1. Probe radius 1.4 Å, ligands and nucleic acids left out: can you give me the accessible area buried at the A-B interface, summed over both chains, in Å² to the nearest hundred?
2. Compute the distance in nm between two label points, each set 7 Å from the Cα along the Cα-to-Cβ direction, one at B:Q81 and one at B:D277.
3. What shape does the protein assembly as shown have by the C-alpha gyration tensor, where a ≥ b ≥ c are the square roots of the eigenvalues, rounded means a/c under 1.5, and otherwise prolate means a/b greater than b/c and oblate the rest?
4. Heavy atoms only, probe 1.4 angstrom, no DNA, RNA or ligands counted: give me A:F335, B:F63 ranked by accessible area, highest first.
5. Go through region B:14-107 and name the GluC sites (Glu not before Pro) that are in a DSSP coil and have 14 or fewer other Cβ atoms within 10 Å of their Cβ.
6. Using the heavy atoms of the protein chains alone and a 1.4 angstrom probe, what is the accessible area of region B:208-281 per residue in square angstrom?
7. Write down the percent of antiparallel bridges among all DSSP beta bridges whose residues are both part of the protein assembly as shown, to the nearest 5.
8. Kindly report the accessible area of region B:96-202 per residue (heavy atoms of protein chains, probe 1.4 Å, no ligands, DNA or RNA), in Å².
Amino acid sequence: MPDLLDSPDSGRGDRPLTAISVSRDPKGSAPPALPFGSRLTEEAAALPLLLCQRVSKWYGPVIGVNQVTLELRSGITGLVGSNGAGKSTLMRLITGQLRPDLGSIEIRGHDAWSTSARRHVGYCPELDSFYEEMSGRQFVEAMARLYGYPRREALDRAAFALERVGMAGRAERRVRGYSKGMRQRIKLAQALLHDPELMVLDEPLSGIDPVGRDEFVRLFGDLASMGKCLLISSHELEELEKLTDHLAIMAHGRIAAVGTVAQIRDRLDNHPLLIRIDVKRSSPGENDSENDERRRLAAGLLKLNDVVGVELLDARPEDAVDPVLVRARNPQRFFQELTRLVLEEWYEIARLETLDDSTSAVLGYLLSGRSA
Amino acid sequence: MGESLNRAATPELLHYRPWRGEFRTPAASIWPIARVALTSIFQKWMFWIIYILGLLIFLLFFFGQYLLSWAETQAGETDVQLGGWGRMNPRHLIALFRGFLKLDGSAESYRSFFAYQGYIVMIVLALAGSILIGNDLRFGSLPYYLSKPLSRWHYLLGKGLAVAVFINLMTTLPAIVLFAQWGVLESWEYLFERFDLLLGILGYGLVLTVTLTVLLLATATWLRRTVPLIMMWTTLFFFCRLLSAAMVDGLRFSPRWRLIDLWNSTSLIGAACLGLDLETIRPGNQPPWYEAALVLGGVSLLCLTYLIRRIRGVEIVR
């Protein structure tokens, strides 16, 4: 079982299982964007954009979301987890499509179920089912009317949103003839219509070609830099890593961890960080075990408190380096001690690489006890 | 990838221009929802064909009334020979036709029109139900609506409005046109003297609208696909009709067994709206209209209860 789910808290029914929870107000935090039709008071702006408190949702005997606590202010947060982990249910709860059976969800202080909360939220669902006979523009315009804009305003906003997602030139075509990527753009356009503060995007990158993905990644980055909060669910971990390092990881209906990838990785005590250190050979081509620098380094590393294991990897004679694989806990302290050791003993390090601190590795450890 | 995202224009486009106006209430979204549903129906050529077929009955009544009025103005006083059956005054002959075809601007005439037109409406609604609402549930379009600032009731009312528009375009509106036509052809006083008929037409239309709308929303939400929906409507309006006729006319059971025929029940209430006596209704041996109203009210309530439960649990894991 994942480390964090097996934390001592997991058995207690009175505490949400938020093993690592880091409130987010990220880099370069711009002031929060103002929603249309309302001026945010200072008091309202101080409220978290999204606040889920001990939220649970059952589907009959099946629990979809279990005691989830999550607070988001601005920036991009990736929502990851395996299929059936409860991501889509959590998104539906946040967007007011479902009502929690227990707990509360607030958007800028409004109950997520209320219509006033939904004015702050733009939702891009995973399924791309539209009215196939309508044109893209007709669909987006119709969605704009549902936000409560008068006709003229709805037309203008639909035009802006279509322009923004690069669909202005193709908006007159029927949805029936759209590719998967074009459908994704139309979905995104309808979520952007009212310039929401919080955007909840369910798998927005699936089915999009690499060029389109880059464009979407840039667009999401732009939105975040404007102070908006984006909660993006995605299985495309590589793309998600380009967008953000802040993750909320879900497993079995619970938030297993929230925070930056590094913060979450630091807390995975049962899975020491894997670090490869390439030590430069004094004379290339030689493989003299007596004068092997890396053996001295390995011995030095084993004396450090946070090192749980050292492995000497096979080195090819033609290489100029000898690799060492280190398993260490508490990465921050380990790297400080490693720096001190290298400087004291004058080891020549050609390369230093952490092998399992990627999003997919962290996710793999959390969800299945091994690297993904 | 063709057209690229308009990165250069980001700041302007993302902030749009500030909205200074007042947002409309969620109730204002009912019509846009209905419009989307109607657009998706009317963009299918098949429905235009069925709609035009449905209007043929209206055209039959419209031109029937017109031709008989015209014939009346052309008829002389001299009797005409009717084959080997003897001679008859043409005016009497026209009056006979009017009475037989129910083209005389009477309450019977409008009841007859609603009855015939209703069959077409049922067929069209059975075909349209999956497009109007079933597909939203079947293909998962519902989140587009439910994530907007409106409630489930607004969504249902929007869809219901679309069905109501559809029903009234095929029944109430043509009936009003027939009423106005009779006034123009015969005498303007008719429009004022028989204003009760206009109210009766509106009442009959209302009964049809409420019953069929709620029933369609519930069955389309339940069955979603066109074929099962047609089968369900056939059972409700055809099989139940046969069954009730067999029980009351064949086995001589209580006339109350006719109440299982929902279409008959709408006709009974419609007839009451038009001020018609039970005796004028065929087949005879009918239950009182208020019992029919009670049954239709119960069925509508049942459908509404189902709709509330279904829409609440729409995201149930499949």
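The values are calculated or read from the model by the stated rules, or taken from the named source; none is laboratory data. Nothing here was measured: the structure is a model prediction, and the numbers come from that model. FYI the Cβ positions are ideal-geometry reconstructions off the backbone, even for glycines, and counts take in every protein chain you see. Surface accessibility is based on the protein's heavy atoms, side chains included, excluding ligands, DNA and RNA. Shrake-Rupley method; radii C 1.70, N 1.55, O 1.52, S 1.80 Å.
1. On the way: alone 17920 and 18390 Å², together 30890 Å².
Chains A and B together bury approximately 5400 Å².
2. My value for the distance between the label points is 4.1 nm.
3. On the way: a/c = 3.34, a/b = 2.83, b/c = 1.18.
Prolate, because a/c is 1.5 or more and a/b exceeds b/c.
4. Working: A:F335 60, B:F63 105 Å².
The ordering from most to least exposed comes out as B:F63, A:F335.
5. Details: sites: B:E22, B:E72, B:E77; in loops: B:E22, B:E77.
Here the sparse-neighbourhood loop sites are B:E22, B:E77.
6. Value returned for region B:208-281: 45 Å² of accessible area per residue.
7. On the way: 41 of 60 bridges.
Percentage antiparallel, nearest 5: 70.
8. Numbers: 3820 Å² over 107 residues.
I get 36 Å² per residue for this part.
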